[in-house]
2 protein chains.
Amino acid sequence: MSEKYNLVVGQSGGPTTVINASLYGVIVEAAEKQDSIEKVYGMINGIEGFINDNYMDINKEMSYDDIELLRSTPSSYLGSCRYKLSEDMNDATYRLIFEKFEKLNIRYFIYIGGNDSMDTVSKLTRYADMTNSPVRIIGVPKTIDNDLMLTDHSPGFGSAAKYVATTVRDIVMDASVYDTKSVTIIELMGRHAGWITASSVLARKYEGDNPYLIYLPEVAFDIDRFIKDVSKCLETKNNVVVCVSEGIKDSEGKFICEYAGCTGVDTFGHKMLTGCGKYLENIVKERLEVKVRSVELNVNQRCKAVLASKTDVDEAVLAGTYGVDALLEQKTGCMVAFERIPGKEYEIRCKLVDCSEVCNREKVVSREWINEDGNDIGKEFIDYAKPLIIGENEGIIKDGLPMYVYRKDNNAKGM
Amino acid sequence: MSEKYNLVVGQSGGPTTVINASLYGVIVEAAEKQDSIEKVYGMINGIEGFINDNYMDINKEMSYDDIELLRSTPSSYLGSCRYKLSEDMNDATYRLIFEKFEKLNIRYFIYIGGNDSMDTVSKLTRYADMTNSPVRIIGVPKTIDNDLMLTDHSPGFGSAAKYVATTVRDIVMDASVYDTKSVTIIELMGRHAGWITASSVLARKYEGDNPYLIYLPEVAFDIDRFIKDVSKCLETKNNVVVCVSEGIKDSEGKFICEYAGCTGVDTFGHKMLTGCGKYLENIVKERLEVKVRSVELNVNQRCKAVLASKTDVDEAVLAGTYGVDALLEQKTGCMVAFERIPGKEYEIRCKLVDCSEVCNREKVVSREWINEDGNDIGKEFIDYAKPLIIGENEGIIKDGLPMYVYRKDNNAKGM
């Protein structure tokens, strides 16, 4: 029998509805492989917490029921961080991390996250190579934005798409009760990639239904053309629902919300956006003198577990289990990716892709999937996205409310 | 066999998740009583549409499947209006309406709506009395705000409460992933009554959980005290979630959102509010220098059918059927109301109350149900609200999306 080592798993970046489902997959698969894996540690608040000695022994601290609940609990059970490792491989942090790995007998590290987390996987792998460390590192994708390269789609997107499609359908119903002219502007997440916003096309109950207009960041946004589009719709329709990405920008690359003067910068230097919906609401009110409302779906897009897609949950679990298997095959520096198996029925298989080719790049919606006028989404996207929202997250509600697992200490002082 | 008459049903005011369930109750019960009721007409866009000859023959224009879908379709199938009848009983509109009733052989009118709709029922009943008209009129309550007098609660509230409790629970999960201090402000509906905002207390997974602070319009809001409350929470907690009603006001009755200069007036002269969450976000950012986000749940609170409470749906149907029965007993000028049957298990029965005592008044949350500091909700409210959110609206999703019934013409030009 070969020697047994420990595995550590961490979650990083913005939470999603299914990032804990991937954690579930890791824990369950590691338990299956107990001939090779001794303990499963969880990094509390990602690599940043681990650096500060913040971790847990998962099988010791979580009950069987807790682990089962991970499948349907949104947000990051282990906590998250937004921590960028130095470009300089001589930075002391690298040595510190690998010393901790060694001290804890850790040979396997799975990092569940998005673009920036794959950057962490890539850098740590480079350091491991440089130092001939036996530690193997695999990334498991997670992002509602669906902007990760080299994978058909990412866990987290299907549930976000389903939430958006359902909610836009609901809002369209709500917006259609009066027989007066009205415009409703729904602002959706997506800084640079319009995947989430494009999903609003699935809300249509029939061809030609609302949302009549959909604008993604992939196409330069022109306010005058937008007003023209809305006016034209109002000629034949009473209630016009428009979906816009938070990240729509003009032909010079200036975010529309910046016109309203409302941005900040997050720890990665990404511009934090809010308010293009509100800004457009005011413009429409002013120029068209019609009843306007703007609605921002906000964080609900990434945490509404009762509206998760079962397909997404199952695939998130699969990505976690596949990641464990890859580690045991001594793969490293890779991200688990999905590819569609050609055929009539939707089916995917996992593969590994090089993390360094994933990180710091963004996959956007193909221009051909957007109509020529840049205000609607084509059939290719619908065919692509439809299978991803199928299936319900059933049985998670008790006494009218969803049941979640949480760390008892996850809101303690100074944790 | 007695002579048969026709019934007309209308929907009015803001849409809710279950106003169509009441319509379903009316249609099904009228079909049961076909010995007395010939046709069921639907007013398109409420009394205003009816005045303009806009109505439909429901059983002729809707299929059996359409009618079944009403149970789980949010918004107002028949369309809505915000139309205020004149205080002057000599106004020609009254005569016009009753002439139409007579022409269509209508003896029974059910109006599903809130406060303002009960005002319409009350006025039309007064006119019928004055003119010895045989037309009988009953109101069926509908409001997410739960502010109708003389009833234990109103259809629409349970589903709104469930949506709010679930969503606040989700947002709390989402807000708790980083180990840095943060404040999340959730702005909830409720102009003058805090019922919806109070429901956020149900989001707590355990005693002492987020949302730590809850502010209703029933208690004068003081910004300095609010900042003190938040700071105190931040001393022992990382992530503080606060729920506020859109309608919180200071001790002089000025809406907090008015400080941000962002109000308008709707057709009933009600102040249209938006933005106290955003306003408080900026204040917290400025004074406490901590990460802050504000989230406005917006219209989702009244249209999220997949999160409807089955208790609420069933009671909405019951109110509709009870209304039809009351009409056939020649009752008029009344609203269907609920009262709890005393006992351990939650159970209600219907009764009739005088519409004129309901309209133009508002039931607010009792001061005793709010803690002394005015920043939390007591056990009495929890006991009151808990049964109202029980049960799921199952089986309404197909291919990942909820199925709704809609009028094909409900977004046509000039309708």
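What follows is calculated from the coordinates using simple rules that are stated; it is not laboratory data. Bear in mind the structure is a predicted one, so any value in this text is a computation, not a measurement. Neighbour counts run over all protein chains shown; Cβ positions are idealised from the backbone, glycine included.
Table for the structure above
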quantity	calculated
Crossing angle, helix B:19-32 versus chain B [Cα axis fit, 0-90 degrees, rounded to tens]	30
Over segment B:157-302, volume per residue of the alpha carbon convex hull, in Å³	104
Exposure proxy order (Cβ contacts within 10 Å, fewest to most) of B:Val364, A:Val121, A:Val28, B:Val317	B:Val364, A:Val28, B:Val317, A:Val121
Size-normalised alpha-carbon gyration radius of segment B:114-209, reference 2.2 N^0.38 Å	1.59
Cα long-axis angle, helix A:223-236 against chain A (0 to 90 degrees, to the nearest 10)	60
Loop GluC sites (Glu not before Pro), segment A:200-240 (other Cβ atoms within 10 Å of the site Cβ: 14 or fewer; DSSP)	A:Glu207
Fewest-first ranking of A:Asp179, A:Asp229, A:Asp224, using other Cβ atoms within 10 Å as the exposure measure	A:Asp224, A:Asp229, A:Asp179
Eligible lysines near B:Lys398 by straight Cα distance, threshold 25 Å, same-chain separation 8 or greater	A:Lys162, A:Lys205, A:Lys304, A:Lys310, A:Lys344, A:Lys379, A:Lys386, A:Lys398, B:Lys162, B:Lys304, B:Lys310, B:Lys408
Percent of beta bridges antiparallel (DSSP, segment B:8-154, rounded to nearest 5)	20
Equivalent ellipsoid dimensions for segment B:1-129 as semi-axes, Å, which come from the Cα gyration tensor, largest first	23, 19, 12
At 7 Å out from Cα toward Cβ: A:Tyr206 inter-copy label distances (nm, ascending)	5.2
Vicinal HN-Hα couplings computed from phi for segment A:66-75 (Karplus, 6.51 cos²θ - 1.76 cosθ + 1.60; Hz; Gly/Pro x)	4, 4, 4, 5, 4, 3, 10, 9, x, 6
Average projected area [Cα convex hull, segment B:170-247], square nanometres	5.0
Integer Hz, Karplus 6.51/-1.76/1.60 couplings in order for segment B:301-313, x for Gly and Pro	5, 10, 9, 8, 4, 5, 10, 5, 8, 5, 4, 5, 4
14 Å Cα-Cα reach of A:Lys60 towards aspartates and glutamates, excluding residues that sit fewer than 8 places from it in its own chain	A:Glu38
Tilt relative to chain A, helix A:276-288 - C-alpha long axis, 0 to 90 degrees, to 10	0
Teacher prompt: A:Lys103 distances to equivalent labels in other copies, 7 Å Cα→Cβ, nm	8.7
Mean residue ellipticity (222 nm) of the protein assembly as shown, computed from DSSP H runs ≥ 4 via -39,500 (n - 2.57), nearest 500	-10000 deg cm²/dmol
Label 7 Å beyond Cα on the Cβ vector: B:Asp376 copy-to-copy distances, nm	5.5
Within 10 Å of each Cβ in B:297-306, the average number of Cβ atoms from other chains	6
Dipole in debye (nearest 20) - chain A, about Cα centre, beta carbon charges: Lys, Arg +1; Asp, Glu -1	460
Residues B:Leu104, B:Leu96, B:Leu70 arranged by fewest to most Cβ contacts within 10 Å	B:Leu96, B:Leu104, B:Leu70
Beta bridges per DSSP with both ends in segment A:157-302, % antiparallel, nearest 5	15
Whole-Å semi-axes of chain B's equivalent ellipsoid (Cα gyration tensor)	41, 22, 19
Size-normalised alpha-carbon gyration radius of segment B:291-415, reference 2.2 N^0.38 Å	1.39
Projected label distance in nm at A:Glu61 and A:Glu235, using a 7 Å step from Cα toward the beta-carbon	6.3
Cα-based convex hull, segment A:51-97, per residue volume (Å³, whole number)	100
Equivalent ellipsoid, the protein assembly as shown (semi-axes from 5 times Cα gyration tensor eigenvalues, Å)	50, 28, 25
A:Ser251/B:Tyr259 FRET efficiency (R0 45 Å; Cβ-Cβ; nearest 0.05)	0.75
Low-density loop positions, trypsin sites (Lys or Arg not before Pro), segment A:126-216 - DSSP coil, at most 13 other Cβ in 10 Å	none
Of all DSSP beta bridges in the protein assembly as shown, antiparallel share, percent nearest 5	35
Cross-link partners of B:Lys232 among lysines (Cα-Cα below 17 Å; sequence separation of 8 or more within a chain)	A:Lys413, B:Lys181, B:Lys285, B:Lys291
Descending principal axes extents, segment B:337-401, alpha-carbon based, whole Å	47, 35, 30
A:Lys291 long-range amide H proximity, modeled H, under 5 Å	A:Val183
Phi-based couplings in Hz for segment B:47-63 (Karplus 6.51, -1.76, 1.60; Gly and Pro marked x)	4, 5, x, 4, 4, 8, 6, 9, 8, 9, 8, 4, 6, 7, 9, 10, 7
